[in-house]
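Please see the structure below; I have some questions.
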Amino acid sequence: MFGSIKLKLITWFLAVFTLVFVALGLFLHYELKEIVVGSVDDHLYSEITLLAGILAKEVEHGHVEEGLYEITEAASGEYAVSLSGHYYQIVDTTGKVLGRSPSLTLGDVSLPIPPISKDVIHINIKGPLSDIPHRSVSQTFTFDVVGEELDLTFQAADSLEPSYYVLRSFRNMILIALPILFLISIAGLYYITRYALLPLGIFSNKIGLITARSLNERVGEKDIDAELVPIAKSFNTMLSRLEKAFTRQREFLSDASHELRTPTAVIKSHCDITLRRDRSEDEYRDALGTIMKTSTKMTAIIERIIEVSRFESKIFHLKVVKLNLMDVLREAVALIEPFAHEQGVTLTLCDLDELHILADRERVSEVFVNIIENAVKYNRQGGKVDIAVNSIEDYVCVSVSDNGIGLHEDEKDKIFERFYRVDKSRGSVPGSGLGLPIVKAIVESHRGKIEVESEPDEGTTFKICLLKD
Ligand code: ADP
């Protein structure tokens with residue numbers, strides 16, 4: 001239900017709005033009641049103090065009876081109209097009513113007897129005839145009548161109907177206003193959220209138009225709302241990465257098919273030529289030998305392609321164990337020795353004690369076999385290859401130096417790219433251009449480093465550093 005931002009915003013807003021509105025309504029209702037009833041109390045209190053003042057004057061002259069009579073006669077306005085809702089009465093301590101407003105006497109009714117209290121008493125009472133609530137304010141005053149103390153309680157009461165009418169009107173106004181404001185808010189919020197989220201829709205449409213064929217396109221970062229700029233930036237960064245990955249993939253595919261085209265063409269042309277007419281047994285053997293050699297080369301290329309793509313997509317598992325690096329180097333040298341002998345190149349391995357590293361034996365052997373084989377391959381008759389080992393801080397570094405054909409400055413970085421072969425090596429020396437990318441991937445997967453230093457026609461040194469045990 002809350003899967004949409006729009007719905008979440010509307011629900012939250014309306015919940016908070018209703019809570020605030022209801023709380024505010026209740027508070028205002030309470031305050032209004034206090035004000036309205038308070039003003040009735042003030043009016044009634046001034047009424048009883050006025051009456052008590054009139055009586056006090058009469059008592060000074062010793063005329064209590066006349067005073068009470070005068071209070072009744074002096075009544076004017078609403079107090080003089082029968083059952084008008086505005087009343088007063090004067091009661092002695094026995095509960096006997098000594099004087100009443102004409103509004104009571106004319107209707108021949110009386111108010112409930114008020115409590116005797118020197119403090120002002122505010123209470124709600126029932127009306128003289130109906131259940132209509134009335135507000136009563138009363139207080140007991142003491143008069144000195146010829147040396148004798150006389151306690152009289154003055155009570156004034158007003159109907160609360162007009163006050164309750166004001167409160168009812170206020171409550172009804174709130175009850176009508178709440179649903180109307182509620183509906184207006186829903187409509188307003190709906191349009192606001194719709195308008196606010198519109199750019200998101202436009203943005204997602206733009207993204208939807210980008211396909212694998214148009215990965216070079218970018219989402220504009222200038223003509224969109226500020227809140228969407230970080231999303232657009234991240235999306236464009238992701239597109240750049242995807243574009244690079246797609247391009248690499250495409251290049252890899254075309255390089256791989258290009259590399260395989262030559263041996264396939266060789267095999268096909270040998271088959272064509274051989275099958276054109278009947279051949280002697282030796283001729284068939286020759287043709288099959290060439291086909292065999294070429295397909296072996298092809299298999300080696302395919303295996304390297306698979307290996308490179310495994311490293312690129314990081315689908316490989318290292319069996320890390322404690323290794324004696326000198327053993328690995330001795331084995332690699334022994335493996336390349338016959339080939340070096342064939343090429344007239346001398347291999348020299350420094351003699352050192354045991355040096356331990358944590359690595360995958362097979363992978364690390366592959367690294368050194370490759371590097372030493374290259375040092376022999378790209379060398380000259382009578383050339384030399386020296387293998388030295390140094391311990392530098394946390395690393396053990398192996399330097400393989402040759403005095404072969406060397407590399408130009410601009411070729412030093414490129415040799416680690418897939419299928420890259422220096423032009424002069426092509427044709428003359430067999431190879432696929434996949435050895436060094438694999439070497440680099442293996443070294444880096446061991447958190448090691450590989451560097452190359454070279455001078456054209458003077459020689460090359462590859463330095464491979466691996467973490468010590
Ligand atoms: P391959 O040897 O199969 O061609 P590599 O990836 O091992 O592929 O090497 C890439 C290129 O780097 C080689 O073709 C060669 O031109 C150059 N290279 C590698 N090692 C050396 C070296 N020791 N001296 C000179 N050039 C080298």
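The values are calculated or read from the model by the stated rules, or taken from the named source; none is laboratory data. For clarity, every value in this text was computed on a predicted model and none was experimentally measured. Here Cβ is always computed from backbone atoms with ideal geometry, including for glycine, and neighbour counts include all displayed protein chains. We work out accessible area using only protein heavy atoms, side chains counted, and drop any ligands, DNA or RNA first. Shrake-Rupley method; radii C 1.70, N 1.55, O 1.52, S 1.80 Å.
Given the criteria open to solvent by 20 Å² or more (accessible area, probe 1.4 Å) and near the ligand (Cβ under 9 Å from one of its atoms), does GLU417 qualify?
When the stated conditions are applied, GLU417 passes them.
Continuing with this model, one more query. Modelled with pLDDT of 95 or more and within 12 Å of the ligand (Cβ to nearest atom): does that describe VAL385?
Answer is yes for this residue.
Considering only segment 344-353, how many residues are modelled with pLDDT under 95 and either under 22 Å from SER432 (Cβ atoms) or within 53 Å of the chain's Cα centre (by Cα) (or both)?
0
What is the one condition in (1) open to solvent by 70 Å² or more (accessible area, probe 1.4 Å); (2) modelled with pLDDT under 85 that GLY201 does not satisfy?
(1)
Any residue in segment 55-84 that is open to solvent by 70 Å² or more (accessible area, probe 1.4 Å) sitting within a Cβ distance under 7 Å of a residue that is hydrophobic (A, V, I, L, M, F, W, C)? List the pairs, counting only those 6 or more apart or interchain.
GLU70/ILE54
Can you name the condition, by its number, that GLU453 falls short on among (1) surrounded by fewer than 20 Cβ atoms within 10 Å (Cβ to Cβ); (2) within 8 Å of the ligand (Cβ to nearest atom); (3) among the charged types (D, E, K, R)?
It fails just one condition, (2).
Inspect segment 266-277 for any residue being loosely packed, with under 11 Cβ neighbours inside 10 Å and touching a strand residue (DSSP E or B) at 6+ places or on another chain (Cβ under 7 Å) and give the result as yes or no.
No, every residue in segment 266-277 fails to be loosely packed, with under 11 Cβ neighbours inside 10 Å and touching a strand residue (DSSP E or B) at 6+ places or on another chain (Cβ under 7 Å).
Within segment 218-257, count every residue that is farther than 14 Å from SER204 by Cα, in contact with a Leu (Cβ under 8 Å, 6 or more places away or on another chain) and of a type outside the set (Phe, Trp, Tyr).
Number of matching residues: 3.
Now a separate question. Check segment 422-438 and report whether any residue there is open to solvent by 40 Å² or more (accessible area, probe 1.4 Å), at pLDDT 95 or above and near the ligand (Cβ under 9 Å from one of its atoms).
Checking segment 422-438: not a single residue is open to solvent by 40 Å² or more (accessible area, probe 1.4 Å), at pLDDT 95 or above and near the ligand (Cβ under 9 Å from one of its atoms).
Within segment 9-54, work out how many residues are of a type in the set (Asp, Glu) and either surrounded by fewer than 12 Cβ atoms within 10 Å (Cβ to Cβ) or modelled with pLDDT under 90 (or both).
Selection size over segment 9-54: 3.
Cβ-Cβ under 8 Å, sequence separation 6+ or interchain: first residue in segment 27-43 and closer than 14 Å to ILE121 by Cα, partner open to solvent by 50 Å² or more (accessible area, probe 1.4 Å). Which pairs?
Sorted first by the residue in segment 27-43, then by its partner, the pairs are ASP41/HIS122.
Being open to solvent by 40 Å² or more (accessible area, probe 1.4 Å) and of a type outside the set (D, E, K, R) is the filter; apply it to segment 371-382 and report the residue that is nearest to the ligand (Cβ to nearest atom).
TYR378
A further question follows. Just to verify a result, which residue in segment 236-265, among those that are closer than 21 Å to LYS293 by Cβ and of a type in the set (A, V, I, L, M), is least open to solvent (accessible area, probe 1.4 Å)?
Restricting to residues being closer than 21 Å to LYS293 by Cβ and of a type in the set (A, V, I, L, M), the top hit is ALA256.
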